[in-house]
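The values are calculated or read from the model by the stated rules, or taken from the named source; none is laboratory data. Please read these numbers as outputs of a predicted model, since none were measured by experiment. Backbone-built Cβ (ideal geometry, glycine too); neighbour counts: all protein chains shown. Surface accessibility is based on the protein's heavy atoms, side chains included, excluding ligands, DNA and RNA. Shrake-Rupley method; radii C 1.70, N 1.55, O 1.52, S 1.80 Å.
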Amino acid sequence: MLLAEFEALNKRLVEQNEEPFANPRNAAAGTIRQLDPGITAARKLDFFAYEVRGDVERGLATQTAAADLLAGWGFHQDPSSRTVDGIEPAFEYHAEIEARRDKLPFEIDGIVIKVDRRDWQRGLGERSRNPRWAVAFKFPPRVEVTTILDIAVQVGRTRKLTPVAMLQPVNVSGVTVSRATLHNQDEIDRKDVRVGDTVRVRRAGDVIPEVVEVLTEHRPRGSKRFELPSKCPVCGAPVAREGAYHLCTNGLSCPAQLEGHLQHFVSRGAMDIDGLGAKTIQQLLEKKLIADISDIYALTPIDLAGLEGFAEKSIENLMAAIEASRRPRLDRFLYALGIEHVGGTIAGLLADHYGAVEPLLEASVEELQGIKGIGPEVAESVHRFFSSARNRKVLERLSKAGVKPVVEKKSGEPQTLAGEVIVFTGGLETMTRPEAQRRAEARGARIASAVSKKVTLVVGGPGAGSKRDEAERLGLKVIDEQEFLERIGVRP
C-alpha cells in the first residue's frame, strides 16, 4: 500500500471512529483478508511484478529483459531499480537508496541484489525457499530512544528467569514497543542496563524488540546495577544458576512453571485437549481445582460450570476432549510431559526404543545415550525427569486416572530405516514428499522438519538448498532419491 493511500485510509478510519492501522504492511495484509471485495477494492492496493516463469522466460537472456517485458505488459515496475556492473556499485546503490528511504512513496526495509544473466542464474540454482542468484541486503533496523521504567522478571515452563525491560512506549517502525527482553544476567551486565536508563531500542529483524545500547550520559544519579533475584519472584523458592541461566528450583510447585506446563500438556502437538486454553487453565489454578497435570482427569462438569465462559455445550465438549485424551500415542504423551530438551523427534525415539513409560523409570544415562540420535545432554535430562519422586507420583496418578499411552503397531515392512531421523529437502521425482515420509516411517524412521545434530540422514532431491548446506556443514549423511528408494525397497 502506497504511503499516500495509507495516510488517506487512516484518516477515513479515524473519522469513522475506527482504529487506524499501525503501518502500511498491516493495512495491506488486513485488506487482503477482507471478506468484502468492495472494501478491498476501495483501499487501492498496488502490485509490483518482479519475475517471469514458464515458457516465456526461456527467451529472456537477462533479468533486465524480464523487467522490461513485465513493464510492456502493463505491470508496475520500481523506477528506482538499476542494473550495475560489479558488487561495489551495488553497495553504492544500497547506500543511495537508504539515504532516500524516507522520501520513497512506499515503505521498504532493504534492497535485493540479483544476478542479471539468466544462464548464470540457472548455474547457481535455487534453494527450497529462495534462489541462490538473489540476496536480500537489508537496511540497519531503525533505532529509537526511550526510557526503562522497570525491569520485570518472568518465570516460564522451563524454569528460566527472564529479565524484561518495561519501556516508556515508543513507536519503532510503525509498532508501539513497551517491552524488550534482556535475555539473561550476562546480557544485562554486558550492556550495563539499569532501571531509569535512557536507551536505544530497535526491532531485531524488524520484529523482536531489543535494547541496543544504554546512553549512560543520561543515567540518573543513584541508579543501581540490576541483578536477578536469588529467590523466585513467583513462588519464593531458591534460584540456582546454571551457565547463563537462572533457574527456579521449585519445579511444578511453582505456579508460573505449572501454568506453562499445563498449557504445553494440553496443546495440539501433545495431548490435544481442545477447549482447555490458557484462560481456562488460569481460572482452574485460581480456584485451586488443579495442582498438576493429573488433576485434569479429576475435573467434573460441576467444576467447569463455575468457570467463566462455560455453558452446557462447552462443558460437554471439554469433558469429551479430556476423555478422548486418555489413550494418547506414547510419543505424544512423552512430549506432553514437557521434559527439557525432549521435542517430538526425541519423544519418538524414546517411544520406539522402550514401547512404554515404565522402562523409562529405570533407564540409566548410559542406556539412554546408547539410543541413536540421543546425546549426553538429552540423556541426562530424561534421566533426571524420570528419577524425580514428584514426577513419578504424577505419572502414577495419571495411570490411576486411566491415562494409558499406546504404541502404534509397526507396519509389516522390514525396518530398514529403524533408528534413522530423516529430513527431506528439495523435490522428488517418483513420489510426493508426504508419500516418501509415510514410506520412511513405515520402515522405522522418524521424520524431522529441520536439520540438527539429532538428524541422522538427509534425503536431498532437485532444488535442495539451505537444509542440504546445513547438513553438509554438520557432517550428516546425505543421500539422493535413488538411494532412498533402494532403502525402502522400491525399484525405479
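Remarks
- Of all residues in the stretch 194-236, those satisfying the criterion of being among the β-branched types (Val, Ile, Thr), in contact with a helix residue (DSSP H, G or I) (Cβ under 8 Å, 6 or more places away or on another chain) and touching a residue at least 40 places away in the same chain (Cβ under 8 Å) are Thr198, Val211, Val234.
- For Ala152, the test of being exposed (fewer than 15 other Cβ atoms within 10 Å of the Cβ), among the small types (Gly, Ala, Ser) and not in a helix (DSSP H, G or I) is passed.
- Verdict on Lys287 being open to solvent by 40 Å² or more (accessible area, probe 1.4 Å) and more than 29 Å from Ala256 (Cβ to Cβ): no
- Considering (1) modelled with pLDDT under 90; (2) farther than 30 Å from Ala336 by Cα, the lone condition that Arg157 does not fulfil carries the number (2).
- Some residue of the stretch 11-18 being without any contact (Cβ under 8 Å) to a residue 24 or more places away in the chain and within 26 Å of Pro131 (Cα to Cα): no
- Filter result for Phe75 (modelled with pLDDT of 90 or more, open to solvent by 40 Å² or more (accessible area, probe 1.4 Å), of a type in the set (A, V, I, L, M, F, W, C) and closer than 27 Å to Val175 by Cα): no
- Val239 being assigned to a loop (DSSP other than H, G, I, E, B), touching a residue at least 12 places away in the same chain (Cβ under 8 Å) and either farther than 24 Å from Pro301 by Cβ or not aliphatic (A, V, I, L, M) (or both): no
- Residue match in the stretch 468-478 (condition: among the hydrophobic types (A, V, I, L, M, F, W, C), modelled with pLDDT of 80 or more, open to solvent by less than 30 Å² (accessible area, probe 1.4 Å) and in a loop (DSSP other than H, G, I, E, B)): no
- Helices (runs of 4 or more DSSP H) contained in the stretch 343-452 and holding at least 2 residues open to solvent by less than 80 Å² (accessible area, probe 1.4 Å), under 30 Å from Arg129 (Cβ atoms) and in contact with a helix residue (DSSP H, G or I) (Cβ under 6 Å, 6 or more places away or on another chain): 344-354
- Looking only at residues in the stretch 86-116 that are at pLDDT 95 or above and among the charged types (D, E, K, R), the one that is surrounded by the fewest Cβ atoms within 10 Å (Cβ to Cβ) is Glu88.
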